[in-house]
Amino acid sequence: MSVQYTPVIWNRNKIFYDAVLLIAVVLYLYIYIRVAPGFEDVTKPIDGAILRMRAFGSCAFLMLTVILCIGPLARLDRRFLPLLYNRRHFGVMTAGIAAVHANYVLTWYYNFSPTDKYVALLSSNTNYGQILGFPFETLGIVALLILFVLAATSHDFWLSFLGAPIWKALHMFIYAAYACVVLHVALGALQGAGDPIFTSVVAASVVLVSGLHFATGRMEARRDRGEETAKASLQEKGWLVAGELDEIDDDCAKVVTLSDDERVAIFKYDGKLSAITNACAHQNGPLGEGKVLWGCITCPWHGYQYNLSDGRAPAPFTEKISTYRLKLIGSTILLDPNALPPGTHVDPVEIGEAA
Amino acid sequence: MSWRQTKDAPFYVGYLNAVPKQLVMFLVVFAVCFAGGLGIAALALSSTQNDPGNGGFQWGNRFENVGILELRPYPVLRVPADGETPARTYMLAGQGKRGAFSQAEKNQDGPVTLRGVPVNRGDLTMIQVGRVEAVEGGAPDFTPAGPEPLGRWKLTGEICDGKCYAGAMRPGRGLAHKACADLCLTGGIPPVFVSSGPVENRNFFLMADQDGNLIGDEIKPLLALYVELEGDVERLDDLMVFKVDLAKARILK
Ligand code: HEM
Ligand code: FES
């Protein structure tokens, strides 16, 4: 949330986040490269370059696994939300580690040859027609390119420059990158002499990532059905019943689902009600799961804020989101399902004695 | 049931330094598990690497011998018997992923002194050629023996680049190494067949096509896989040569 796209606004949370990340990565590499070889049972150790290549490759793979688990975990249990806040640093660091892996490959397997190493990388194995012996390196290249593009466009400058929908779509390619890496490993390292531990780690990663996404999808669908009351019951022409006043905590919201991609968050604060779209203008974070802080709706993902009455971010920020009209009959909240253009002012509904 | 934010639930806002108390413990536990988990994974993955065997450069055992360079069809050095030691034939490779063709072609006719470093795994030896000098005058009069045919064989195993597998890279075989092996062969390193069953107690074979000539690109789809090959085996002094009919090759796994 930076006004002039100044590089990064550091704070204690980000520093802590990055410190934990860095410590974990350094620990992984140190144990892999320095400590574990002492426990190896080999006639002669494997080459240092290959050991480092494997250390960085597997580290990037595990990091990618964790990155992809953070999203669903934060949906399943809000306590994981802080992991989401600074996830871009996680991603950028993963791209860096993967690049070191690729560089070891390039300067070891593809070096010392009359053929240029970049040419060799693309030309030395071209048996694309066979599964066994498939040039699995190509899948690694594709994954690395995706990670690079995502790392390069991870800053909010690009988010604002490309617009949230395109940026979001672009960043969905992280799943393609993950799929490529899994295939990269499955067609490469896992085809070699049996290594049950690495095989189990890769299988566990795939099960975890897809399992968590599946579980979250089911949970969201169930939640949508629970919130669908509004769609079904038509109280007065053009107005939907959105629920009862006492369903909403002070400074919190109730989310109402209108259709697959339209959800409305109805906030209760200071004896008033206001409704805005549930999707944050930043990265579509679920605003209805946020809270009202300092008189502003605050997104649970990265803390973007909006005024309650017009859906505009407080100056100097310029983000705007759609607002909705509300009406109160007794203690029943009615919602006009037609979204107003982002930033439209709507007078909050006074709760009065009904509360 | 639909999830709802509540007034009392802890709410984390990243740019505020105060992390809600209820979350601090959770996050600390997560951080410790995350770092510890990665540490354990590193130990498990790294300490269980497959044994790459004992191949390696013999830096302390430099090679210097007088002999005759031949193309069979890859460059080999034929060294005459010396007293008790029988005649030997060494496979040759250049520096890095290069063959020793230019030295062999230049010095085909006369005896040479060849210096280099052996790369050795069991009875597979590849000499990384350092310097080759023609022996001036008074050279020993030596005619290397012809090949001794050992019949037709069907063997299973893996085609490796002879230098990496001999120990220039550990491990220097398997699918992870396929592209590297391919690059080595392109550079002129001789292909070596690593057989799963021995012929006269030997498992390593220098490869040639069925007429004893250089093998072309048709070998590449077969590299680094478990294959079945058929062809004539012959012996050059102590070196086994496998003259394979690649048209009959089968990929087993
Ligand atoms: C230019 C891109 C890449 C190339 C050329 C490449 C190449 C390779 C090669 C040759 C191996 C086999 C190493 C061996 O076992 O000796 C390998 C293994 C591996 N690569 Fe990559 N890779 C690339 C990108 C990536 C990326 C982006 C990731 C993950 C994010 C990745 C993860 C892995 C993993 C986990 C292994 C298995 C390591 C092990 O055996 O423990 N690679 N890669
Ligand atoms: S999605 Fe990032 S702040 Fe709302």
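The values are calculated or read from the model by the stated rules, or taken from the named source; none is laboratory data. Quantities reported herein were computed from a predicted structural model and do not represent experimental measurements. Heads up, the Cβs are rebuilt from the backbone with ideal geometry, glycines too, and the neighbour counts pull from every protein chain shown.
Quick check on the stretch B:17-69: of everything there that is part of a loop (DSSP other than H, G, I, E, B) and free of Cβ contacts under 8 Å to residues at least 24 places away in the same chain, which residue is surrounded by the fewest Cβ atoms within 10 Å (Cβ to Cβ)?
Initially, the stretch B:17-69 is screened for residues part of a loop (DSSP other than H, G, I, E, B), giving B:17-20, B:48-55, B:58-62.
Okay, now just the ones that are also free of Cβ contacts under 8 Å to residues at least 24 places away in the same chain, so B:17-20, B:48-49, B:51, B:60.
Details: B:Asn17: 11, B:Ala18: 10, B:Val19: 19, B:Pro20: 16, B:Thr48: 15, B:Gln49: 21, B:Asp51: 15, B:Gly60: 6.
Of everything passing the filter in the stretch B:17-69, B:Gly60 is surrounded by the fewest Cβ atoms within 10 Å (Cβ to Cβ).
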Residue in the stretch B:201-208 that is within 13 Å of chain A (Cβ to nearest Cβ) and free of Cβ contacts under 8 Å to residues at least 12 places away in the same chain present: no
Check on B:Phe11, modelled with pLDDT of 95 or more and surrounded by 14 or more Cβ atoms within 10 Å (Cβ to Cβ): no
Those helices (runs of 4 or more DSSP H) lying entirely in the stretch A:93-173 with at least 2 residues away from ligand 2 (no atom under 16 Å from the Cβ), free of Cβ contacts under 8 Å to residues at least 60 places away in the same chain and within 13 Å of another protein chain (Cβ to nearest Cβ): A:117-123, A:136-152
Of residues in the stretch A:305-333 being hydroxyl-bearing (Ser, Thr, Tyr) and closer than 20 Å to A:Lys268 by Cβ, the one nearest to ligand 1 (Cβ to nearest atom): A:Tyr306
Output for the stretch A:265-276, where each listed residue is touching a residue at least 40 places away in the same chain (Cβ under 8 Å) and away from ligand 2 (no atom under 16 Å from the Cβ): A:Ile266, A:Lys268, A:Gly271, A:Lys272, A:Leu273, A:Ser274, A:Ala275
Subset of the stretch A:277-295 [under 23 Å from A:Asp156 (Cβ atoms) and more than 12 Å from ligand 2 (Cβ to nearest atom)]: A:Lys291, A:Leu293, A:Trp294
Among (1) at the interface with chain B (Cβ under 9 Å from one of its Cβ atoms); (2) more than 16 Å from ligand 2 (Cβ to nearest atom); (3) within 30 Å of B:Pro20 (Cβ to Cβ) - the single one A:Tyr85 does not satisfy: (2)
Extreme residue, surrounded by the most Cβ atoms within 10 Å (Cβ to Cβ), among residues of the stretch B:93-107 that are outside any loop (DSSP other than H, G, I, E, B) and touching a residue at least 60 places away in the same chain (Cβ under 8 Å): B:Ala93
Matching residues in the stretch A:71-107 - criterion: being surrounded by fewer than 22 Cβ atoms within 10 Å (Cβ to Cβ) and hydroxyl-bearing (Ser, Thr, Tyr): A:Tyr85, A:Tyr104, A:Thr107
Elements of type strands (runs of 3 or more DSSP E) in the stretch B:165-248, at least 1 residues being within 14 Å of the chain's Cα centre (by Cα): B:191-199, B:202-209
Count of the stretch A:44-71 residues which are outside any helix (DSSP H, G or I) and more than 20 Å from A:Ile197 (Cα to Cα): 2
Residue match in the stretch A:280-299 (condition: closer than 25 Å to A:Lys14 by Cβ, free of Cβ contacts under 8 Å to residues at least 60 places away in the same chain, small (Gly, Ala, Ser) and assigned to a strand (DSSP E or B)): no
